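See structure below.
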Amino acid sequence: MKIPGLYILMACILVVFAPDNASALSADEVMDRANLAYYYGGKDGVARVRMTIKDRRGRVRMREMTMLRYDVEDGGRQRFYVYFHKPEDLEGMIYMVWKNTDRDDDRWLYVPAIDLVKRVSQRDKRSSFAGSHFTYEDVSGRLPRDDVHELVGEEMVDGRQTYVIKNIPKDRDLVEFSFYITWIDKDNFLPIKGEYYDRAGKLYRVITAETIETIQGIPTITKARARDVEGGETVVEFRDVRYDVGIKEDIFSERYLRRPPRRWIRR
């Protein structure tokens, strides 16, 4: 009669000390938290951005811009405003995004040389941003709900323990990739690596976080690289990053495409 009692005792011990699988994060939860960590630091933000573009022949071009962000809702609607300072032929060009959660994002491009405001279509969001290896969608982020997420494992990357998530687009007609894999830092939930695979399942683009700094208590990627596996890459550096500076939502309007808010846009 003592043996069944022993089994009951062992079962209780196993229950008490078993891993808490119920508390483990799902792939959807990881991607939601990564979206918050990368795109929603503070209520608003401003940064000076330098972009160095190198083509497959080794030729180099530079871009300098100011980026403004305003969160209408934490984890929800956002506004982005990118003003180009350099090179001279792009000075005054502006890219603006209204990031939506219930419909497609609204995107505008202002070209001062011809005083033209152009809408960026949904199908153009995956095209090159300012001739770089980043896309328009990379600037404001891809909504987690646009993909099906699968947690495929955990890996150590550059000394960081990461979740490895496979992401498959729900609407494949709107994108050029068949899937992409993201490595998410388990400590701060920043995406530190992304690999994109074409319709044939071949790797064609890699994005990596090169430098992460803590600014105003917020872990922030301040240097990132997008690389074409067939040659060419773009390095983007974020300088003078500031959060919660008091940016107002009303500057994210067509009126301010033709009249930039000089308080925030400095040479």
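The values are calculated or read from the model by the stated rules, or taken from the named source; none is laboratory data. Keep in mind it's a predicted model, so treat the numbers as computed, not measured. Because the Cβ atoms are built from the backbone with ideal geometry, glycine has one as well, and the counts that use them run over all protein chains shown.
The table for this structure:
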quantity: Of residues in the stretch 37-87 being acidic (Asp, Glu) and either free of Cβ contacts under 8 Å to residues at least 60 places away in the same chain or over 26 Å from Lys186 (Cα atoms) (or both), the one surrounded by the fewest Cβ atoms within 10 Å (Cβ to Cβ); calculated: Glu73
quantity: Number of positions in the stretch 227-267 that are of a type in the set (Lys, Arg) and over 23 Å from the mean Cα position of the chain (by Cα); calculated: 7
quantity: Subset of the stretch 226-243 (residues that are surrounded by 16 or more Cβ atoms within 10 Å (Cβ to Cβ) and either free of Cβ contacts under 8 Å to residues at least 40 places away in the same chain or under 22 Å from Asp187 (Cα atoms) (or both)); calculated: Phe238, Val241, Tyr243
quantity: Search result, residues across the stretch 153-185 that are in a strand (DSSP E or B) and either of a type in the set (D, E, K, R) or over 19 Å from the mean Cα position of the chain (by Cα) (or both); calculated: Gly153, Glu154, Glu155, Met156, Arg160, Gln161, Lys166, Asp185
quantity: Tally, over the stretch 1-47, of residues that are modelled with pLDDT of 85 or more and outside any strand (DSSP E or B); calculated: 20
quantity: Val111 being surrounded by 13 or more Cβ atoms within 10 Å (Cβ to Cβ) and within 21 Å of Glu249 (Cα to Cα); calculated: no
quantity: Counted residues, the stretch 60-98 - those being farther than 16 Å from Gly45 by Cβ, among the hydrophobic types (A, V, I, L, M, F, W, C) and touching a helix residue (DSSP H, G or I) at 6+ places or on another chain (Cβ under 8 Å); calculated: 3
quantity: First in the stretch 175-189 and farther than 15 Å from Leu143 by Cα, second anywhere and at pLDDT below 95 and assigned to a strand (DSSP E or B), Cβ under 6 Å, 6 or more apart; calculated: Trp183/Val157; Asp185/Arg160
quantity: One residue from Asp138, Asp106, Asp124, Asp158 being loosely packed, with under 15 Cβ neighbours inside 10 Å, out of contact with any strand residue (DSSP E or B) (no Cβ under 6 Å at 6 or more places or on another chain) and of a type in the set (Asp, Glu); calculated: Asp158
quantity: Test: Thr214 is surrounded by fewer than 18 Cβ atoms within 10 Å (Cβ to Cβ), among the polar types (S, T, N, Q), on the phi < 0 side of the Ramachandran plot and under 19 Å from the mean Cα position of the chain (by Cα); calculated: yes
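This table checks each residue for (1) touching a residue at least 60 places away in the same chain (Cβ under 8 Å); (2) aliphatic (A, V, I, L, M); (3) within 23 Å of Arg107 (Cβ to Cβ); (4) in contact with a Leu (Cβ under 6 Å, 6 or more places away or on another chain).
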| residue | (1), (2), (3), (4) |
| --- | --- |
| Lys202 | no, no, no, no |
| Ile207 | yes, yes, yes, no |
| Glu249 | yes, no, yes, no |
| Ile265 | yes, yes, yes, no |
